[in-house]
Amino acid sequence: MVTEQFDERFHSETFDTVVVGGGQAGLAMGYHLARLGESFVILDAGARVGDAWRTRWDSLRLFTPARYSGLPGTPYPGSPWAFPGREEFSDYLEAYATEHQLPVRTGTRVTRVGREDDRFVVETPDGRVLARRVVLAAGFDALPRVPAFAAELDPAIAQLHSSAYHRPSDLPDGDALVVGAGNSGADIALELSATRRVLLAGRHPGQIPFRIESPAARLATLVVFAAFSHVLTLRTPIGRRARAGVLGHSGPLVRVKSADLAAAGVHRVPRIAGVVDGRPVTDDGTTLDVAAVVWSTGFRPDFSWLDLPVLGPDGLPVHDRGVVAGQPGLYLLGQLFQYSLASSMIHGVGRDAAYLADRLAHAAATSTATGMTRPARSA
């Protein structure tokens with residue numbers, strides 16, 4: 001990995017392409033850009049490559065087995081049916097960047113992407129970078145989503161979003177309420193149940209009917225992941241229907257089952273409707289006395305730093321499989337159901353990155369043929 005620090009030269013640098021985000025999507029894009037011979041840089045806000053995973057809760061493990069957890073050019077090491085932990089996967093990403101000598105600049109938060117004449121301008125607190133092309137690979141889940149009424153909770157009740165939760169000791173002693181019954185909520189509720197009474201609020205999202213770690217589930221896993229990549233796509237009617245469902249609801253429980261939660265004594269309660277006298281209240285009017293609340297209520301995308309007229313009514317860039325037609329040279333990667341259900345998953349970003357690399361190379365060749373010069377990397 002080429003980890004660079006900013007200096008005065010950065011203020012005048014120009015690249016063929018800037019990649020915003022150095023997670024699995026940005027690194028996969030970097031792999032393909034390097035194969036094209038592009039001059040490029042990957043800008044990432046984290047202190048280290050892999051920090052987007054490294055900062056999640058300690059016990060987190062991937063839902064994807066190792067055979068589906070590798071990026072282009074470097075399969076994930078070890079048993080193909082092992083399920084990596086978050087620290088292991090973070091280290092894999094860091095090693096991947098080193099192995100492929102990807103020019104990642106860590107500690108570099110992008111504050112604006114705009115345009116001046118025929119070039120994009122990417123601004124950071126340390127300076128500006130100019131590029132013919134920009135790939136936005138910063139991820140779909142950007143800002144923690146917490147209901148407005150959370151501010152009305154009694155200050156004596158500790159509360160944090162799942163993105164800030166690391167381990168049970170983060171919470172004070174006493175009953176805990178986990179709001180959001182999807183995969184993150186179920187995982188955290190099960191872990192907390194070993195040390196306290198736990199209430200889990202929210203709609204049951206359903207669950208897959210097998211244990212993903214079981215050897216008997218391997219054939220089913222192969223079928224499911226093939227469907228994610230090749231059946232549930234924007235080209236198929238069933239894929240387009242699935243996309244509408246995925247964007248509107250969380251997916252089914254993958255590892256933790258309802259039986260696991262029941263056996264651990266996790267008590268399900270209805271959706272949290274608001275706060276009365278500083279305490280959370282459910283849809284059926286029950287007031288809950290708890291010492292802590294973990295908001296496992298998801299995230300929302302953030303493109304407030306994108307200073308270009310490309311956002312649709314939903315606040316997301318309008319694109320066709322990652323190509324933003326309204327702004328030539330602008331691309332998206334790692335978006336939810338960008339092309340298939342696998343697009344925002346580790347095993348899906350490589351294919352989408354290869355597709356964008358082909359489009360990018362074609363656009364660059366067309367520009368050269370029409371007389372536009374390739375930008376030189378300045379010193």
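The values are calculated or read from the model by the stated rules, or taken from the named source; none is laboratory data. This is a predicted model, so every value here is computed, not measured. Every residue, glycine as well, gets a Cβ built from its backbone with ideal geometry; the counts of neighbours run over all protein chains shown.
Mind checking which residues of region 194-238 are of a type in the set (A, V, I, L, M, F, W, C), under 30 Å from His267 (Cβ atoms) and in a loop (DSSP other than H, G, I, E, B)? If you could, list the steps in order and put the result at the bottom.
Here is the first cut: in region 194-238, the ones of a type in the set (A, V, I, L, M, F, W, C) are 194, 198-201, 208, 210, 212, 216-217, 219-220, 222-228, 231-232, 234, 238.
From what's left, under 30 Å from His267 (Cβ atoms): 194, 198-201, 208, 210, 212, 217.
Hits for region 194-238 are Ala194, Ile208, Phe210, Ile212.
For region 278-300, does any single residue satisfy the condition of being closer than 22 Å to Arg240 by Cβ and either of a type outside the set (Gly, Ala, Ser) or modelled with pLDDT under 95 (or both)? Talk me through it step by step, then tell me what you get.
Kept after step one, since they are closer than 22 Å to Arg240 by Cβ, are these residues of region 278-300: none.
No, region 278-300 contains no residue that is closer than 22 Å to Arg240 by Cβ and either of a type outside the set (Gly, Ala, Ser) or modelled with pLDDT under 95 (or both).
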Gly114 being among the small types (Gly, Ala, Ser) and assigned to a strand (DSSP E or B): yes
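Give Ala82, Ala97 a once-over and let me know the one that is more than 30 Å from Gly278 (Cα to Cα) and either part of a strand (DSSP E or B) or touching a strand residue (DSSP E or B) at 6+ places or on another chain (Cβ under 7 Å) (or both). Show your work before the answer.
On the way: Ala82 fails: either part of a strand (DSSP E or B) or touching a strand residue (DSSP E or B) at 6+ places or on another chain (Cβ under 7 Å) (or both).
Exactly one residue qualifies, and that residue is Ala97.
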For region 215-224, give me each residue that is of a type outside the set (Val, Ile, Thr) and surrounded by 11 or more Cβ atoms within 10 Å (Cβ to Cβ). Ala217, Arg218, Ala220, Leu222
Which number in (1) among the β-branched types (Val, Ile, Thr); (2) modelled with pLDDT of 95 or more; (3) assigned to a helix (DSSP H, G or I) marks the one condition that Val246 misses? (2)
Out of all the residues in region 183-200, which are β-branched (Val, Ile, Thr) and either crowded, with 20+ Cβ neighbours inside 10 Å or touching a Gly at 6+ places or on another chain (Cβ under 7 Å) (or both)? Ile188, Val198
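Criterion first (out of contact with any Lys or Arg (no Cβ under 9 Å at 6 or more places or on another chain), in the same structural domain as Leu160 (by TED's automatic domain parsing) and of a type outside the set (D, E, K, R)) does Ala292 satisfy it? If you could, list the steps in order and put the result at the bottom.
Working: out of contact with any Lys or Arg (no Cβ under 9 Å at 6 or more places or on another chain): no; in the same structural domain as Leu160 (by TED's automatic domain parsing): yes; of a type outside the set (D, E, K, R): yes.
Criteria not met by Ala292.
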Here are Gly73, Gly23, Gly78: which of them is buried (at least 19 other Cβ atoms within 10 Å of the Cβ), touching a helix residue (DSSP H, G or I) at 6+ places or on another chain (Cβ under 9 Å) and among the small types (Gly, Ala, Ser)? Gly23
Selected residue (criterion: modelled with the lowest pLDDT) from residues of region 326-379 that are of a type in the set (D, E, K, R) and part of a loop (DSSP other than H, G, I, E, B): Arg377
How many residues of region 119-138 are out of contact with any Lys or Arg (no Cβ under 9 Å at 6 or more places or on another chain) and free of Cβ contacts under 8 Å to residues at least 24 places away in the same chain? The answer is 0
